[in-house]
Amino acid sequence: MFENLTERLSDSLRKVTGQAKLTEDNIKETLREVRMALLEADVALPVVKQFIDQVKQKAVGQEVMRSLSPGQEFIKIVNGELVEVMGAQSEGLDLSAQPPAVVLMAGLQGAGKTTSVAKLARFLKEREKKKVMVVSADVYRPAAIKQLETLAGEVDALFFPSSADQKPVDIANAALAEARLKFCDVLIVDTAGRLAIDQDMMAEIAQLHAAIDPVETLFVVDSMTGQDAANTAKAFNDALPLSGVVLTKTDGDARGGAALSVRTITGKPIKFLGVGEKTDALEPFHPDRVASRILGMGDVLSLIEEAERKLDKSKADKLTRKIKKGKKFDLEDFRDQLLQMKNMGGVAGLLDKLPGMGQMAQAAQQQVNDKSLGQMEAIICSMTPNERRYPDSINNSRKRRIASGSGTQIQDINRLLKQHKQMQKMMKKFSQKGGMANMMRGMKGMMPPGGGGPFGRM
């Protein structure tokens, strides 16, 4: 998300660097380009106007701090205003109620509501250590109940069965009674969506809300609908006391206008972002971190949190001990590293969160992308255990066999073996005295041509 906006803003903000002082004249052109960038990102017009006015008011006449250039001071102002527009601080779910705390999910058909129910159930189970039950009160869409049952099995959440001949209020009340009996901490209720907002839908969901009195009423909306997402959320909020918004499909939205419009138009916070199709692809929404990503400054905190959750610490410790004992980094270890990178969201997911990588993400991905990671994994899987442990034993006839088995070319095998050699040297440097500095120099050598990035600066 935000690729287009990040690119446009980076180009615009460069123009104020080198100025001795921020004045109305020298930021006028930059503000005009920032306005165009926001409009092209499909941010709602009132939000753009308010944003530009606030930035202008704070920037004009600002004396530049000794340690900062005027350009950095201006970026700091833009960053602060982006955070303010998106909600100043992160707001999680408020589940401080007599268990089970009920979470009601509302939204239009096709927004990803049922999938979001499963993602939220997994999030609460894994990160909040809650016992979660899910139920579908969608009696209109064929297979909606079956879909939720399948997803509940995937995320290991309790599922309360329902059928299309029942009334939504009866389903929710029965599920609530069952959740109490099973001592569940949270009950998530999936509701029916429509293709457009209509009176029948609003009356039904208002009746359901009154019957179960949820502690959280979340509106699920497709971010790819742009500022329409914010307008739809406002219409729901007028009929229903929403407590927050879940923005879905943000991985497919290069503009990001919805994220910047929803808070201002609805007055309700964005609580979660759907960042992919898998059930673990749900992130809490942090306005400050998202603002950093928009301005190409990365999101290291989220990267660290993700690494703590997804990386296999035992494998990392085992590899460290192995290298320290003087043993070589072999192709089995290399494959483990590739799998760890895939778990972290692949190359795109990592580059998006690294500071300074925004501008070079495309160049880097031409060199190493998620498709090439899969190809490298296939090549290693086509080798014998002995070849993985002793890569130097791979001669031309073995290369032909491996290429045939993995559906690749001999030059692909050669490229992988070369990359493995580079990694091997890097690991050796890391295990020696002054390891981290040596490792950074090694990584700089592996970066694409012309790519400075954070490693270049180190």
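The values are calculated or read from the model by the stated rules, or taken from the named source; none is laboratory data. As the structure is a prediction and not an experimental result, all values here were calculated from the model. Every residue, glycine among them, receives a Cβ derived from its backbone with ideal geometry; neighbour counts consider all protein chains shown. Just so you know, the surface numbers come from the protein's heavy atoms only, side chains and all, with ligands and any DNA or RNA stripped out. Shrake-Rupley method; radii C 1.70, N 1.55, O 1.52, S 1.80 Å.
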Lys76, sole failed condition from (1) part of a helix (DSSP H, G or I); (2) open to solvent by 60 Å² or more (accessible area, probe 1.4 Å); (3) under 20 Å from Phe219 (Cα atoms): (3)
All helices (runs of 4 or more DSSP H) inside region 361-458 with 2 or more residues being open to solvent by less than 40 Å² (accessible area, probe 1.4 Å), at pLDDT below 85 and not aromatic (Phe, Trp, Tyr): 361-367, 370-381, 410-431, 435-446, 453-457
Top-ranked residue in region 157-190 [being surrounded by fewer than 22 Cβ atoms within 10 Å (Cβ to Cβ), of a type in the set (Asp, Glu) and modelled with pLDDT of 90 or more; ranked as farthest from Ser96 (Cα to Cα)]: Asp170
Any hit, region 174-192, residues being without any contact (Cβ under 8 Å) to a residue 12 or more places away in the chain, more than 30 Å from Ala37 (Cα to Cα) and part of a helix (DSSP H, G or I): yes
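Would you pick out the residues in region 135-156 that are touching a residue at least 40 places away in the same chain (Cβ under 8 Å) and either of a type outside the set (Lys, Arg) or touching a helix residue (DSSP H, G or I) at 6+ places or on another chain (Cβ under 7 Å) (or both)?
Scanning region 135-156 gives Val135, Ser136, Ala137, Asp138, Val139, Tyr140, Ala144, Leu148, Leu151, Glu154, Val155.
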Test: Glu154 is open to solvent by 20 Å² or more (accessible area, probe 1.4 Å), more than 15 Å from Lys271 (Cβ to Cβ) and not basic (Lys, Arg): yes
Answer residue from region 79-108, given it is in a loop (DSSP other than H, G, I, E, B) and among the small types (Gly, Ala, Ser) and is farthest from the chain's Cα centre (by Cα) among those: Ala97
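Yes or no, residue by residue, for (1) modelled with pLDDT of 80 or more; (2) surrounded by fewer than 17 Cβ atoms within 10 Å (Cβ to Cβ):
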| residue | (1), (2) |
| --- | --- |
| Gly61 | no, yes |
| Gly80 | yes, yes |
| Thr114 | yes, no |
| Val135 | yes, no |
Lys125 vs. criteria crowded, with 22+ Cβ neighbours inside 10 Å and basic (Lys, Arg): no
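Would you check which residues across region 276-293 are in contact (Cβ under 8 Å) with a residue 40 or more places away in the chain and out of contact with any Gly (no Cβ under 7 Å at 6 or more places or on another chain) and list them? Write out each step before concluding.
The first filter runs over region 276-293 and keeps only residues in contact (Cβ under 8 Å) with a residue 40 or more places away in the chain, leaving 276-277, 279-282, 284-288, 290-293.
Gly276, Glu277, Thr279, Asp280, Phe285, His286, Asp288, Val290, Ala291, Arg293, listed by residue number.
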